[in-house]
1. What share of the DSSP beta bridges in the chain is antiparallel, in percent to the nearest 5?
2. Taking just the alpha carbons, could you work out the radius of gyration and Dmax for segment 40-128, both in angstroms?
3. Averaging sequence separations of C-alpha pairs under 8 Å and six or more residues apart, then dividing by the length of the chain, give the relative contact order as a whole percent.
4. Each residue of segment 45-58 in order: what ³J(HN,Hα) in whole Hz does its phi give by Karplus 6.51 cos²θ - 1.76 cosθ + 1.60, θ = phi - 60°, with x for Gly and Pro?
5. Could you grab the relative contact order for segment 81-167? Cα pairs under 8 Å, six or more apart, rounded to a whole percent.
6. Determine the sum of side-chain charges near ASP137: Lys and Arg each +1, Asp and Glu each -1, restricted to other residues whose C-beta is under 10 angstrom from that of ASP137.
7. Report, by chain and number, residues whose modeled amide H sits under 5 Å from the one on ARG44, excluding near sequence neighbours (fewer than 5 apart, same chain).
8. To the nearest 10 Å², what's GLU140's accessible area with a 1.4 Å probe?
Amino acid sequence: MPVTMIPRFTGDTVCEQVDALPKGLVLLSPDQPGNWLRDIGAIRVARPVQVADLPLSRDPDTMRRAMHQKWRNRLRHAERQGLRVTTSAMSPDPNHWLLTADVIQAQARKYRGWPTALTLAWTQVAPGQTLYLEARDRKEPVAALLFLLHGTSATYHIGHTTDRGRASSAHNLLMWHAMQKLGRSGYQSIDLGRLHADTPGLNRFKLESGAVARELGGTWLYWRPMSRLLARPRKASLQSA
């Protein structure tokens, strides 16, 4: 049976165009919370999670004012370290040091991210929709961040830092460079990813950059034969609301 995923859509467009949904199983992950997918007979299979959304602006002072004082202090510290920052599209090299470091880090910390092959596929198919930032101390890379670009938003994808990069707050510096570059280019926000209860330090890094916590809509399963039994009449649903 084919499986289709429709992630991070907004509004109730799916409810209005339910007949156009693909055959087979459909996984729906709305960008906003709400139970309106029950109207078409979808079943929620995962609770909503929170993500950190970082608003962007063409004005650097506006973004800098939105930072927590501690985040600004670390940024000032990083700016005094003499690090050289470069920005470019991500190379589709399977042996790129960031990809290798990310795999090693995931194994050590026992988490699972995107498969490297999927990241490489993105960089090969849409190199212009990647933003790669690297901080170097002399000739040695000490930190890097990779963002994927889509529409008017960007998504933080992969990051890594060495001991030297951590001591010099290199990720603060790279994030600030990314915010300015993307803001000047007209991007409206950066999705910094999910806020996990077991990573309070990472959560603080995200939120103190000026990001705000936002709840998504969970994950729903739609299968046409089952939905016909579970769907609620649209008119009745509106009256009951």
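1. DSSP beta bridges in the chain are roughly 80 percent antiparallel.
2. 18.7, 58
3. Values: 406 pairs, mean separation 89.2, N = 241.
Taking the mean separation of contacting Cα pairs over the length of the chain, I get 37 percent.
4. Each residue of segment 45-58 in turn: 10, 8, 5, x, 10, 9, 10, 9, 9, 9, x, 10, 8, 6 Hz.
5. Values: 119 pairs, mean separation 26.8, N = 87.
Averaging sequence separation for qualifying contacts and normalising by length gives 31 percent for segment 81-167.
6. Details: positive: ARG84, ARG136, ARG138, LYS139, ARG164; negative: GLU140.
Residues close to ASP137 contribute a combined charge of +4.
7. So ARG44 has HN proximity to LEU221.
8. Looks like 120 Å² after rounding.
The values are calculated or read from the model by the stated rules, or taken from the named source; none is laboratory data. Source: prediction; values computed, not measured. Ideal geometry is used to build each Cβ from the backbone, glycine not excepted, and the neighbour counts take in all protein chains shown. Ligands, DNA and RNA are stripped out before the accessible areas are found, and what is left, the full protein with its side chains, is counted by its heavy atoms. Shrake-Rupley method; radii C 1.70, N 1.55, O 1.52, S 1.80 Å.
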